[in-house]
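The block underneath contains the structure these notes are about, expressed in structure tokens.
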Amino acid sequence: MRVLAAMSGGVDSAVAAARAVDAGHDVVGVHMALSRNRDQFRNGSRGCCSIEDAGDARRAADVLGIPYYVWDLSERFEETVVADFLAEYAAGRTPNPCVRCNEHIKFEALLDKALALGFDAVCTGHYARITTRDDAPAELHRARDAAKDQSYVLAVMGRERLARAMFPLGEATSKDEVRAEAAARGLSVSAKPDSYDICFVADGDTRRFLRDRLGSQPGPIVDSAGEVLGAHDGTYAYTIGQRKGLAIGRPAPDGKPRYVLSIEPVTSTVVVGSVDDLDVGAIRAGSGVWFTDRYADGDWFECGAQVRAHGEAVAVRARALPDGGIEVDVTAGAAHRLQGVAAGQSLVLYDGSQVLAQATVDATTPAVRA
């Protein structure tokens, strides 16, 4: 196949491209320039798509002997990923920019452009597996290395785009294996640190980034009874389930920590309470993306639900809604609690390792205590 390899400048995408070459594909490397600031540099393990990263990607492509290009997608990135990030926080929601980047950039803008240019698939360094059975549609599964699994942030892509994707690292057993392979291939990025945090907040100070973009929006911090406990400069600095950095100044009457329970951007109010108040009994999520037709009838079915990239799936019941959304009954699950779920988070349903569906959380219902 003709394969476009997305090369971020890191070790994962470089090895993924190398494996695509080894598989006999006609591979072309492309680096996505996503920052409007062409002078932006990496700060250790923070930041990506910088000048250094573009250079690292070019050197990797040279070692692999494949053509290499840089595509400027910074305007699309700003209009979709960054704009969504700001709008969601301003609305009191908690966005996941990696999910939006996979949706709008890697598997929309990049893939669509690749197909228009005659490529058959896009190859990335994500850790996830694609399996096929007979003539059935391709399935998205967790990576072999559970610690590196990225199926959660990929689930937004849907079946049609999955059929045009390649994840050569899905069967890797560890990141050490990938780094060792990179070194053996003579790729200079073999020891390069992984990127952490939010790529467009290079210094890692998300609160300052939001304040600079959204401005100061002071308001009260109150308990569930409405008593004012403190003040803040903007609700965007808080997320559901947050414990640290509340700056209340005094403990709860029972001496236990307080957590953010809800965010009300209209009144600029942050509500805090006990950890037990974070228990979720039900979730309603919109804009569902399905990888199977097994549950299109809207009946309840048992599955696992994951609401954080580095979280675990919790046993629940779920069903497809007529409006395209998904409803989850958490209390039907057994042993594990699901806490601190915020509107804006990505909800992904699993059957074992297989991804069934993805949707964006719109609202939650507190768990009813016996």
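Overview of values
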quantity: Spin-label pair R59/E171, simplified geometry with 7 Å Cα→Cβ offset, distance in nm; calculated: 3.0
quantity: Dipole moment magnitude, nearest 20 debye, the chain about Cα centre, only Lys, Arg, Asp, Glu C-beta charged; calculated: 700
quantity: Kyte-Doolittle mean at least -0.5, axial Cα span of 18 Å or more - DSSP H helices of the chain; calculated: 51-64
quantity: Rel. contact order, % - alpha carbon contacts under 8 angstrom, at least six apart, the chain; calculated: 16
quantity: V189 accessible area, assembled protein chains, probe 1.4 Å, Å²; calculated: 10
quantity: The range 347-370 and the range 261-340: distance between their alpha carbon centers, rounded to Å; calculated: 3
quantity: Solvent exposure of the range 140-297 as accessible area per residue, Å², 1.4 Å probe; calculated: 49
quantity: For peptides 241-251, 212-222, 113-123, sequence by mean Cβ density within 10 Å, most packed first; calculated: 113-123, 212-222, 241-251
quantity: Simple spin-label estimate for S216 and D233 in nanometres, 7 Å along Cα-Cβ; calculated: 0.7
quantity: Anisotropy class of the range 50-158 from Cα gyration tensor, a/c 1.5 cut; calculated: oblate
quantity: Between the range 132-194 and the range 59-120, the Cα center-to-center distance that results, in Å; calculated: 17
quantity: Using a Förster distance of 45 Å, the FRET efficiency for L321-V266 (Cβ separation, nearest 0.05); calculated: 0.95
quantity: Dipole-positive endmost among A114, F200, N102 within the range 102-205 (Cβ charges, Cα centre); calculated: A114
quantity: Lysine pairs with alpha-carbon atoms under 17 Å apart, the chain, spacing 8 or more or separate chains; calculated: 4
quantity: Convex hull projection area averaged over all views, the chain, Cα basis, nm²; calculated: 19.9
quantity: Simple Cβ-charge dipole of the range 179-231, Lys/Arg +1 and Asp/Glu -1, about Cα centre, in debye nearest 20; calculated: 320
quantity: Whole-number Å³ per residue for the convex hull built on Cα positions in the range 79-124; calculated: 55
quantity: R337 paired with A147, simple spin-label distance in nm, labels 7 Å along Cα-to-beta-carbon; calculated: 2.8
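The values are calculated or read from the model by the stated rules, or taken from the named source; none is laboratory data. In this text, all values refer to a predicted model and were calculated from it rather than measured experimentally. Ideal geometry is used to build each Cβ from the backbone, glycine not excepted, and the neighbour counts take in all protein chains shown. Keep in mind that these areas ignore ligands, DNA and RNA; they rest on the heavy atoms of the full protein, side chains included. Shrake-Rupley method; radii C 1.70, N 1.55, O 1.52, S 1.80 Å.
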